[in-house]
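Before any comments, here is the structure.
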Amino acid sequence: MTTISDSLQVIRATILHARHAAMRNDEILLLAVSKAQPAQKLREAYLAGQRAFGENYVQETITKQEQLKDLAIEWHFIGPIQSNKTQFIAQHFDWVHSVDRLKIAMRLNEARSQSLAPLNVCIQINSSEESSKSGVDIDSLANLAKEIVVMPHLKLRGLMAIPAPTKDLAKQRAQFKMVADTFKMLKQNFELDTLSIGMSDDYIAAIHEGATIVRIGSAIFGKRAPNFKNEN
Ligand SMILES: *Cc1c(COP(=O)(O)O)cnc(C)c1O
């Protein structure tokens, strides 16, 4: 049986290998996406050295954070954000990857405690033609970034994207390259260091295109229960 610790070891080695192949020597953060996984599995990953965990749903996070409060976990929110959840998210996470509109950024900024370090945020961009996908359009990106950088309780770190899934490595790279090009453009005017792209099936391609955070769930924890429902 493959344990979480085994999977983490394989993924860490794969990340290093891909980074080397891409001739990079900067840091790449492995974010363990633990949505739909019970607290016990996060604890197991933590004992294997994993520190950063990504969650998509507020209700689920409340329970898990209570059960894991003895651990020094770095919590990342990566799911769609409803405005009535911004209060909790601003107080209980270190990072938010999925900021996609001004109203949400403003609410997070207002709700973040003065006593905490500024909340690290990424703007989620819409990197595919599918109009149903969430994320800001490239056209409105610079304006949103301009608003966020002056918010005292947020720290704009970079971009996040979820391109359409495909098994074709060349297509994966082409989609990530578009995101990376947008990131480079934005960096001409803003001080940014984070490109959050790549999941279980495409993180190698993402690393080749410059990912600094890869968000990996099923490759660490196994398949999520198919009947898992978000009761957010
Ligand atoms: C679920 C999820 C992931 C992880 O997906 P896997 O395919 O299980 O690695 C990454 N990012 C976001 C935003 C997700 O919702």
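The values are calculated or read from the model by the stated rules, or taken from the named source; none is laboratory data. Predicted model only: the values in this text are computed from it and were never measured. Positions of Cβ are generated from backbone atoms using ideal geometry, with glycine treated the same way; all protein chains shown enter the neighbour counts. Heavy atoms of the whole protein, side chains included, go into the accessibility calculation; ligands, DNA and RNA do not. Shrake-Rupley method; radii C 1.70, N 1.55, O 1.52, S 1.80 Å.
Which residue pairs have Cβ atoms under 6 Å apart, sit 6 or more places apart or on different chains, and have a first residue in the stretch 1-28 that is farther than 16 Å from Ser218 by Cβ and in contact (Cβ under 8 Å) with a residue 40 or more places away in the chain and a second that is of a type in the set (D, E, K, R) and buried (at least 17 other Cβ atoms within 10 Å of the Cβ)?
Cβ pairs passing all conditions: Ile28/Arg19.
Take the conditions within 15 Å of the ligand (Cβ to nearest atom), β-branched (Val, Ile, Thr), open to solvent by less than 40 Å² (accessible area, probe 1.4 Å) and at pLDDT 95 or above and apply them to Ile204. Does it pass?
No.
For the stretch 12-59, give me each residue that is closer than 25 Å to Ile81 by Cβ, not small (Gly, Ala, Ser) and not in a loop (DSSP other than H, G, I, E, B).
Those that are closer than 25 Å to Ile81 by Cβ, not small (Gly, Ala, Ser) and not in a loop (DSSP other than H, G, I, E, B): Leu29, Leu30, Leu31, Val33, Lys41, Leu42, Phe53, Glu55, Val58, Gln59.
Output the number of residues of the stretch 15-47 satisfying the condition of being open to solvent by 30 Å² or more (accessible area, probe 1.4 Å) and closer than 27 Å to Pro226 by Cα. Explain how you work it out, then say what you get.
If we filter the stretch 15-47 for residues that are open to solvent by 30 Å² or more (accessible area, probe 1.4 Å), which is where we start, we get 16-17, 19-21, 23-27, 29, 35, 38, 40-41, 43-44, 46-47.
If we keep only those that are closer than 27 Å to Pro226 by Cα as well, we get 35, 38, 40-41, 43-44, 46-47.
Counting residues in the stretch 15-47 that are open to solvent by 30 Å² or more (accessible area, probe 1.4 Å) and closer than 27 Å to Pro226 by Cα gives 8.
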